[in-house]
Every structure is written in structure tokens, then in C-alpha cells.
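Structure record follows, encoded as C-alpha cells.
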Amino acid sequence: MTELLHYEFMQRALIAAVLVGLVTPVIGTFLVQRRLALLGDGIGHVALTGVALGLLTSTSPVVTAAVVATLGAVLMELVRVRTRTSGDVALALLFYGGIAGGVLLIGLTPGASNATLTSFLFGSVSTVAEEDIWIVVVLAVGVLAVLAIFGRELFVLCQDEEVARAHGLPVRFLSILLAVTAALTVVIAMRVVGVLMVSALMIIPVAAAQQLSRSFRVTMGLAVLIGLASSLGGLTTSFYSDLAPGATIVLLALLVYCVAVVVGGVLRRVTRRRGSTPLPPVSGSPTDTMIQTDRGKVTP
Amino acid sequence: MSAQFTGEGDHTPDAPPAFQAIDAHAAYDGVPVLNGVDLRIPSGQTMAVLGPNGSGKSTLMRAMLGIVPLTSGEIRIHGTPLRRFRDWKRIGYVPQRLTAGGAVPATVREIVASGQVARRRRLSLSTKADRAAVDDALAAVDLSDRAGDAVRELSGGQQQRVLIARALAGRPDTFVMDEPMAGVDAENQRALARAIARLREQGSTVVLVLHELGPLENVIERAVVLEHGRAVHDGAPPEADGECARPGHEHQHPHPDPNDPDPRVAPTDAHTEIVRLEVPHRD
């Protein structure tokens, strides 16, 4: 088991996997709550343009990806608010702009082809260089710091934007902050699972955790555990079985999700039978669906 | 701005009004919704803004909190122009419903504690006083025993009480509630009315946007009735009129959109789509 620690590239890969498993579910919890689950995907595509820009200008692709993804995230927030484009359409604009930009720029880069992009599309954790690790560490610390400082405000924002406004919170600033934090998280995870699967690590652990939890805090904690288990487990499995690490990590997370759905269903049935917290008689919201009561009526 | 803020109302006779709207105009997509509303809500008053759907009552309330911008006119909160108002911990806003965020579960206690966001410093841990305020708020709406439950397991009426508890947890002295009785069963309505009566006794300012007075009839000191974006009545609450105004009447709300964003026509099935299209800042 310890033999994979003897390889320097695996040491770096493990560090990256730990950071990714830790950071992505935390930001993912806020994104899911804000119903922006696909934001990470949109930003991932934009990051691809950044990668190509880095290759074209012979600078670190991770750095240029961070810069371009951040700009993309800010731009998307502005597009969403200013032009009344709905969130999903704004995301679609990012998707296509990002991919097209990446392919265009890589075509201009001497000695590079779309195949060069493949390692960024699907991840190549084993080729992570030492300087990449340092950048990833700094980004991860930054993301966690932002969430520690602004977490309470972001919780209110993601719960209900109008309430956030009525509390006098800086809604515009917080929205952009969340988008930028998500962008940096995408860059952190990019090398491990690739831009096409970045969002999976933000969303799947959260989706699994919420099957088993009734609180925001516990959901986030569980999601981090699931994220860490998937990324470390997936990386180790791929090392011994010679599988693609990014895909293995994501499929492992999906497996955890399936187990969580079953376990969560059983747990709910058991507590319901025991009647520890009897369900209210008048309710339009069954426990296992996510949307609330029917507003227009007094009785269901 | 005192650090020892107690949640008691401001009783000094020359205290500025809790809210003041001066010739307030607002519009959605160029369609005027408020057409020059002048309103002065003295500190400590319990008052209702009434009116049919589309009268502008919700918009007025949202404009008073800066959620909807005015096209002209001015809003003052406790004497300070809205733009420069920073003392948000004095304001407790109760939205029309719990949007339940996204799919992430949250407990009743988490939601209630989030009402303290305006009064707590970043990176601060919750103090004993913070937790006591949350306990008190939960007790005030009789939900102490549900604190650990997920809010989505609660009925609509209980969720409404959670929202009131969230406002209470910040210990504000000025409450703004958007149709707290809508979609709430009779028993929960009475519980809400009791909670609001207690706020009034404490000297808090309470502004309610209501479709009908219902069980709040005896709590409301003053009612302003809006029609077509103008105040058409200001004074004692209007007499109960017909079956719909009786306390406990279970009203079937004809408008499917919870935001009631006020096109000026009376509700018909045909315009519900328009309503939906005209809500800004909604995703």
C-alpha cells in the first residue's frame, strides 16, 4: 500500500487529490444551495481558454487558467444581473465561448494540438509539476479562507437573495465572490479530474451527503468526507488497476451517491415508522422532495 | 447604533419615523407600479398595508427595504436615507415564504440563527447571548422542539413561524412582514397573531403587507390601503367586509406567483404569465 508513496509523481498527485477532495465539496454545497450546480462546469470550459492561453504564451497554464476563469466568473455574474439573461443561458454562453476560445488558441500554438488539451479536459494528475502543487495549495488556502470569513453571509445569500438584501448584505459583491471562489476551485481540481468533470466533484458529494442529513453543516461535513474518500480512493485504485484517475474518482463518487440514496431512503423510512418526529398533519412538502408547500392554498 | 441594543422600541417622542416614503414611484419594465406614495410609519406602530393583487403593496414594502429600486422619490429608514442606512440589525424582514434555498437541507435552528447575520462580525463564533436569542426566538413561535428538524419537513404554517423566528433572532425593533398569513392554516394563523401581538406590546414597529386582516384585526392599529399604486385609505383598519374578511376564513389565493409583483390590473388567469415575466432579480 505504501509503495505508491515511493513515487514522487504520486506524492504530488496525492497532495492534489486531498486538496481537491477537501475544497470542492465545500464550495459545492453553496453552489447547490444557490441552484448554480452547473456554474463549475461553465467556469471549467472558460478555464480551458486560459489553459490554451498559457500554452500559447508559454506561461503556466494553471496561472492563466486561474486568471481567465476568474474573469469569466465575474463576467457571468454581470451578464446574469445586467442583461436579464437567466442563469442557465448565461452558463451556456460560457460553455461555448470557453470551448471555442480554447480550441482556437491551441490551434495558434506551435507544436500543440487539440490532443494537448485532452490532458486538461480529462485530467492528468500524474503529470502535476511541483510548481503546480504550490499554486494549488495557495488557491486552496485562499478558497477555504474566503468561505470561513464569508460563510455566514453566503449561507443567507444562497438561501434567499432578497432576505440578504433586506439584511443590508452586499449582495452583488457576495455573488461575485462566490463565483470567483468557484472559479479558483475549478482550477484547483482541473489537473486532477479535468475541466469536463470538475463540477462532478463539486456536486456529487453534496448530492450524496444531503440524502443522509437534515442540516447544512452536516451536509457540508459529510460531503467533504465523501469528496476525500472518492479522490483518494479513486487515485489509489487507478494507480493499481491502471485506470484513468479522473474518471475513476468521479465514478467512485457516483457509487457513493447511489449507496447514499438507498441508505437515506431506509433511514427515512425507519424514523418515520418510529415516529420520533411525527410529520406535521398539514403539509405540502413531503420529506423526500425538495420543493416547499403550495403557496396558493391553505389546505393541500 | 448602541451595542446594547435590546430590541425595545424607540419611544422618545421625537424619534424619526421607522419608515418614510416620500412621493415614491417604482416601475417594472416601464410599467408604473407605485405612483407617488407618501407614507410615514412612526416608530412603535403596528400597521398593515392592504390592497388587492397588483395594487403595489408588495412593491412598496420591497422598495422600503431597498429590494426594489425607486424610479423617483425617497425612502428613509429611521430617519436615514435608504442608501446611507447601515443599521440593518434593527430591521427584521419576514419574506412571504421560505424559498428553501436549493436542495441542501437546513435545520430550523440553522435558518433561525442566520437571522443574526447583520449583527455578527465576520469570523466570530456564536456567543452565549447569540444562542440564547435563537432559543428565545424559537420559543416565541413554539418551535423549540423542532429546532433540529429539517425545515422542509415542516408544514407551510410552521415554515412561516420559522421565518418569523429568524427575524426575531436578530433582535430587531422594526419588523417588515410580507403576507405572513398567506397559505397558513387557521391554527398557525392564530399562533402568528399572538407572536405579532407580543411584538406590539414590546413596542416594536411592525409593518405587515396583508391580503386581508383576518385574525390580525385586533392587533393592527392603522391600515393603509393601496390601489393602483396610490394610497386610497389611511387610518383605522377598514371594517370587515363580507365572508373573506372574517377571521379564520380560509382564503384561496388566486395568484399563483408568491411575489405578487403588481401589474396594475386585477388578477385574471391570463395575466399570471405576465406576472412571472416581470419579476426582476429572480433566477
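So the values come out like this:
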item: Unique match (being crowded, with 21+ Cβ neighbours inside 10 Å and either modelled with pLDDT under 90 or within 10 Å of chain B (Cβ to nearest Cβ) (or both)) among A:S283, A:S213; result: A:S213
item: Options A:I99, A:I106: the member that is over 27 Å from A:I249 (Cα atoms), without any contact (Cβ under 8 Å) to a residue 60 or more places away in the chain, surrounded by 16 or more Cβ atoms within 10 Å (Cβ to Cβ) and more than 14 Å from every other protein chain (Cβ to nearest Cβ); result: A:I106
item: Entirely in the stretch A:19-127, the helices (runs of 4 or more DSSP H) that have 3 or more residues that are among the charged types (D, E, K, R); result: A:61-82
item: Checklist (1) touching a residue at least 60 places away in the same chain (Cβ under 8 Å); (2) more than 11 Å from every other protein chain (Cβ to nearest Cβ); (3) in a loop (DSSP other than H, G, I, E, B) applied to B:G183, failing item; result: (2)
item: Total residues in the stretch B:131-162, condition part of a helix (DSSP H, G or I), within 11 Å of chain A (Cβ to nearest Cβ) and crowded, with 18+ Cβ neighbours inside 10 Å; result: 9
item: Residue that is farthest from the other protein chains (Cβ to nearest Cβ) [pool: residues in the stretch A:222-238 that are hydrophobic (A, V, I, L, M, F, W, C) and surrounded by fewer than 24 Cβ atoms within 10 Å (Cβ to Cβ)]; result: A:L232
item: Selected residue [aliphatic (A, V, I, L, M) and touching a Gly at 6+ places or on another chain (Cβ under 8 Å)] from A:L91, A:L104, A:L144; result: A:L91
item: Hey, B:G36 within 26 Å of B:L199 (Cβ to Cβ) and at pLDDT 90 or above or not; result: no
item: Long-range neighbours under 6 Å by Cβ, at least six apart or interchain, first residue more than 7 Å from chain A (Cβ to nearest Cβ) within the stretch B:78-105, second at pLDDT 90 or above and surrounded by fewer than 17 Cβ atoms within 10 Å (Cβ to Cβ); result: B:H78/B:P16; B:G79/B:P16
item: Number of the condition not met by A:V125 [criteria: (1) within 11 Å of another protein chain (Cβ to nearest Cβ); (2) hydrophobic (A, V, I, L, M, F, W, C); (3) crowded, with 17+ Cβ neighbours inside 10 Å]; result: (1)
item: Test result for A:R165, within 13 Å of chain B (Cβ to nearest Cβ) and in contact with a His (Cβ under 9 Å, 6 or more places away or on another chain); result: yes
item: Test: residue in the stretch A:39-54 that is hydrophobic (A, V, I, L, M, F, W, C) and within 14 Å of chain B (Cβ to nearest Cβ); result: yes
item: Selection status of B:S114, of a type in the set (S, T, N, Q), at the interface with chain A (Cβ under 7 Å from one of its Cβ atoms) and in contact (Cβ under 8 Å) with a residue 40 or more places away in the chain; result: yes
item: Residue count for the stretch B:17-49, restricted to those that are acidic (D, E) and more than 21 Å from B:A236 (Cα to Cα); result: 2
item: Output for the stretch B:38-72, where each listed residue is buried (at least 20 other Cβ atoms within 10 Å of the Cβ) and either among the small types (G, A, S) or in contact with a Gly (Cβ under 7 Å, 6 or more places away or on another chain) (or both); result: B:S43, B:G44, B:A48, B:G51, B:G54, B:S55, B:G56, B:K57, B:S58, B:A63
item: Qualifying residue in the stretch A:9-16 (condition: in a helix (DSSP H, G or I) and either closer than 15 Å to A:L184 by Cβ or of a type in the set (S, T, N, Q) (or both)); result: yes
item: Residue that is nearest to A:V46 (Cα to Cα), among those in the stretch A:80-92 that are surrounded by 19 or more Cβ atoms within 10 Å (Cβ to Cβ) and among the hydrophobic types (A, V, I, L, M, F, W, C); result: A:L91
item: Among the candidates A:L243, A:L174, A:L235, residue that is over 25 Å from A:V79 (Cα atoms) and in a helix (DSSP H, G or I); result: A:L235
item: Hits in the stretch B:59-77 - residues which are of a type in the set (A, V, I, L, M) and either facing another protein chain (nearest Cβ under 7 Å) or without any contact (Cβ under 8 Å) to a residue 12 or more places away in the chain (or both); result: B:L65, B:I67
item: Any hit, the stretch A:177-188, residues being of a type outside the set (F, W, Y) and touching a His at 6+ places or on another chain (Cβ under 7 Å); result: no
item: Counted residues, the stretch A:168-182 - those being within 13 Å of another protein chain (Cβ to nearest Cβ) and closer than 18 Å to B:A103 by Cβ; result: 1
item: Matching option when the condition is surrounded by 24 or more Cβ atoms within 10 Å (Cβ to Cβ), in a helix (DSSP H, G or I), within 13 Å of another protein chain (Cβ to nearest Cβ) and β-branched (V, I, T), among A:T185, A:T219; result: A:T219
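The values are calculated or read from the model by the stated rules, or taken from the named source; none is laboratory data. Everything numeric here is computed off the predicted structure, so don't read it as measured data. Here the Cβ is made from the backbone with ideal geometry for all residues, glycine too, and neighbour counts use every protein chain on show.
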